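Single-structure report; data block below.
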Amino acid sequence: MLYGRFVLVGDFPEVLRRAAAGDASAFARLWRDTHPPLLRYLWVSAGDAAEDVAAEVWLEVARRIGSFRGGEHEFRGWLFTMARRKMIDRHRYEARRPVSPTGDGELLDHPAADDTVTAALEYISTETALALIATLPRDQAEIIVLRVVVGLDASAVAQIVGKSPGAVRVAAHRGLRTLRERVAGATVTSPGRGGVTL
Amino acid sequence: MRVFAASLAEMWSSARKRNRLSPDEATAELLLARRHLGRHEPASQRTLELVLAAAAGPATERELAGETAAVTAFLAALPEPEPARRRGPRRLPVLAVALVLAALVALCGTGEAGALPAPLQRLAHQAIKAPAPSPAMRVPRPSADVTPGPGATGSQSAPGSSGPSQESRTGKPSANPTPTHTSDSQGNGNGQPTATDNGKGNGGTPGQGGNPSGHPTGNNGNGNGNGHGKN
């Protein structure tokens, strides 16, 4: 299943109702659908603390899911807003920058021709792609992940990050431009496990 | 005029430029919306598309490894509405009983101190042997037209007679013969007023001070003043 698309859609109200009533299987379904993009978002924006912050987010979801009202789209917005607040709190307390899963030196090798890069990237793993995105300025990186990985539109992302939709759009375009320049002159050397063939 | 038209045209074209996305921006919007790019796009754009698709790829085993722990934590963190509902009805009786007890204690204390209103004091007197209500608690009636009898100082000569009321101590008769007193104010004629036998000195005339009907008359206290106050 590729992320960036809403998969529960029609089933979501029933799944949400059952989860709020304490149905473990319904919660597990929500978790399986939403946890991977949440973790990816946090990897990019919170680094090593991603899993801890994600656990805090799910605890908060468990406590407050009974009072949540809305569809799948709103649920993701609610969940990622919580995640972002917790991430900011953690940054404030720890007063440190998030650490990228892998450094630029490990990720990228010497420049190569575009065709070669494309051929190598056919085996790029999700982690490597996220590591590449994580090299962007944090605000651009988190906006790109929220739009591409989580599947939110510019308005929803704007609400989460506290910017106007126009500012979100500009930041996303800048981030993509920078990313394109970086991958255009690089080849990936660490396909890693869990990669996808595209 | 020509300058004005030119500036208008310039403004119009710049506004259109602002609203129109550049090719790069249009491609970026396609990428952000996870739309596939055509083959005509430059290789760098297609590379970028592959990176973004990988970032949104299927869940890895590592990402889904914590499902059991997450569900356990979910079940443990679920709020329990039932106990909250039970607390409501249980708290109310406890609170009510506590309030009633507090009111009873206060009532008994006030009764023992003799500070209750006459009817309640009387009730307390009967129920818990609290002091009987004092006649002073009665509404005073005018008695100026009654001349104090010879025993007016009689009760004054009875030292320690704290039980008798002011009326009996001064030997001042009440001009009001209305039987407002209770049965415990029967004149006993023995000149030993107790705390409950308020001011009943030796009746000046038989049948008055020792009124067996329990209805003190206005001549109460008109005795010879040999009543002994009893502490």
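Since every read-out is calculated from the coordinates, none of them should be taken as a lab result. Source: prediction; values computed, not measured. Every residue, glycine as well, gets a Cβ built from its backbone with ideal geometry; the counts of neighbours run over all protein chains shown.
Rounded to 0.05, the FRET efficiency of the A:R92 and B:L101 pair, given R0 = 45 Å and the Cβ-Cβ distance, is 0.30. Taking the average, over residues, of other Cβ atoms within 10 Å as the packing measure, peptides B:121-127, A:152-158, A:74-80 rank A:74-80, A:152-158, B:121-127 from highest down.
Inter-chain Cβ neighbour count for A:16-24, averaged per residue, equals 2 (cutoff 10 Å, partner chain atoms only).
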